[in-house]
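Enquirer: Here it is: the structure, laid out below.
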Amino acid sequence: MQFDKQADIYDKRTGLGEKTVQNIASSIKQIIQPYLNGQFLDIGAGTGEIGYFLQDLATPYIGIDLSKEMLNVYRNRFDGNKKIPHLIQMDGNTPWPLKDHSVSVFFSSRAMHQLDQIHVLNQLKKLSSTSSILILGNVKRNKKSTKAFMRKEMHEILNEFGLKEKSGQSHRNHLFKALEQQGGERLPTITASCWQVSHAPIDSINSWKSVDGIAGQAIEPSIKKQILETLILKAQEKFTDLNQALETEETYELNAITLPYNQKNNN
Ligand SMILES: C[S@@+](CC[C@H](N)C(=O)[O-])C[C@H]1O[C@@H](n2cnc3c(N)ncnc32)[C@H](O)[C@@H]1O
């Protein structure tokens with residue numbers, strides 16, 4: 001399991017930092033104010049970088065994740081004095097083990113695109129309380145940034161190698177569109193936090209080298225080597241110096257939609 005192997009370095013490699021996650025948690029707490037009539041379900045909770053700051057909600061918190069090791073990192077955040085949150089290791093593509101109509105907030109940060117959309121829609125419908133919301137969080141990069149260029153090139157190279165990369169943005173657009181067609185209402189996007197990053201092309205390459213597989217794909221090391229070599233060539237065409245870092249802004253966005261299910265006076 002890909003995330004099991006990177007659990008120990010996940011926060012260092014892709015973590016958001018304490019200030020950012022505190023901002024995210026406080027934005028979530030504001031958004032969910034009208035939706036406290038059921039449980040809070042964190043889908044793909046990971047190492048709990050965000051979840052750690054969601055333990056004082058006025059509604060019970062439950063986190064699910066496929067990776068045992070990511071959840072171990074999450075549990076280790078809580079020393080002997082703090083109550084360990086309710087975390088369930090499971091594949092989110094199987095039924096979510098909660099009572100029907102018991103969830104009022106479904107939250108997922110950087111993870112929902114790993115799940116099958118039809119399954120997600122079925123689970124939302126089954127578990128939604130009478131007034132519920134889905135909140136999806138993601139990092140947004142300036143399209144002209146070095147990181148965005150490297151990701152785009154990686155995406156194209158993966159396609160050339162016959163590998164399909166799951167895209168968080170297109171998954172979210174499809175999911176929200178399907179929910180809107182059923183009567184869900186989108187809330188304005190919230191930028192929960194923004195920060196400056198200094199990133200060189202070589203940082204992307206080293207980051208991909210440091211994990212098993214690539215961009216969410218489990219692949220043979222020899223194929224990965226070829227992919228990275230192709231990427232290095234493309235990066236060399238674009239940048240004169242792969243070590244030269246450029247500074248850009250990144251933001252963390254929260255996109256939310258009300259769920260049209262199990263409402264009073266409805267179905
Ligand atoms: C990029 S991490 C995001 C973690 C955390 N939500 C965050 O934003 O820091 C994606 C998480 O989704 C989990 N995941 C991937 N596929 C999954 C699945 N089928 N069911 C449940 N969790 C899954 C991974 O184990 C990983 O912890």
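Enquirer: Given a Förster distance of 45 angstrom, what is the FRET efficiency for residue 55 paired with residue 160, based on the Cβ-Cβ distance and rounded to 0.05?
Expert: Rounded to the nearest 0.05, the efficiency is 0.50.
Enquirer: How big is the Rg/Rh ratio for the range 147-205, C-alpha atoms only, Rh by Kirkwood, two decimals?
Expert: Using only Cα positions, Rg/Rh for the range 147-205 is 1.11.
Enquirer: Related question: Along the Cα→Cβ direction, 7 angstrom out, place labels at residue 177 and residue 83. What is the inter-label distance in nm?
Expert: Each label point is offset 7 Å from its Cα along the Cβ direction, giving 4.3 nm.
Enquirer: As a footprinting exposure proxy, order 158, 127, 242 by other Cβ within 10 Å, with the fewest listed first.
Expert: By the 10 Å Cβ count, ascending, the order reads 242, 158, 127.
Enquirer: If I take R0 = 25 Å and measure r between the Cβ atoms of residue 249 and residue 14 in this structure, what FRET efficiency does the formula 1/(1 + (r/R0)^6) give, to the nearest 0.05? Don't skip to the end; give the middle numbers.
Expert: Working: r = 17 Å, r/R0 = 0.70.
In this case the efficiency is close to 0.90.
Enquirer: Quick check on packing: order 243-256, 36-49 by the mean number of other C-beta atoms within 10 Å, highest mean leading. Write down the numbers at each step before the final one.
Expert: Values: 243-256: 16.3, 36-49: 22.8.
Averaged packing, sorted descending, gives the order 36-49, 243-256.
Enquirer: Quick one: of the DSSP bridges fully inside the range 2-259, what percent are antiparallel, nearest 5?
Expert: If we restrict to bridges inside the range 2-259, about 55 percent are antiparallel.
Enquirer: With a cut-off of 8 Å between alpha carbons and a minimum separation of six or more residues, what is the relative contact order of the chain in percent?
Expert: Across the chain, relative contact order equals 22 percent.
Enquirer: Only four residue types carry charge here, +1 at the Cβ of Lys and Arg and -1 at the Cβ of Asp and Glu. Report the dipole size of the chain about the Cα centre in Debye, rounded to the nearest 20.
Expert: About 420 debye.
Enquirer: Still on this structure: The range 1-109: which trypsin sites (Lys or Arg not before Pro) are DSSP loop and have at most 14 other beta-carbon atoms within 10 angstrom?
Expert: When the trypsin sites (Lys or Arg not before Pro) of the range 1-109 are filtered for loop state and at most 14 Cβ neighbours within 10 Å, 82, 83, 99 remain.
Enquirer: Just for the Cα atoms in the range 1-88, what are the lengths along the principal axes, largest first, rounded to whole Å?
Expert: On the principal axes, the range 1-88 reaches 38, 27, 25 Å in Cα extent.
Enquirer: If you don't mind, another one. Most exposed first by the Cβ proxy, i.e. fewest other Cβ within 10 Å, how do 84, 118, 28 rank?
Expert: 118, 84, 28
Enquirer: Could you tell me the ratio Rg/Rh of the range 2-259? Both radii from Cα atoms, Rh via Kirkwood.
Expert: 0.97
Enquirer: Which lysines have a Cα lying under 17 Å from the Cα of residue 125, excluding residues fewer than 8 positions away in the same chain?
Expert: Result set, ordered by chain and number: 99, 177, 264.
Enquirer: With contacts defined as alpha carbon pairs under 8 Å and 6 or more residues apart, what's the relative contact order of the range 112-267 in percent?
Expert: 46 percent
A short reminder: the numbers here are calculations on the coordinates, not readings from a lab. As the structure is a computational prediction, the values presented were derived from the model and not from experiment. A quick note on method: Cβ atoms are made from the backbone with ideal geometry, for glycine too, and the neighbour counts reach across all protein chains shown.
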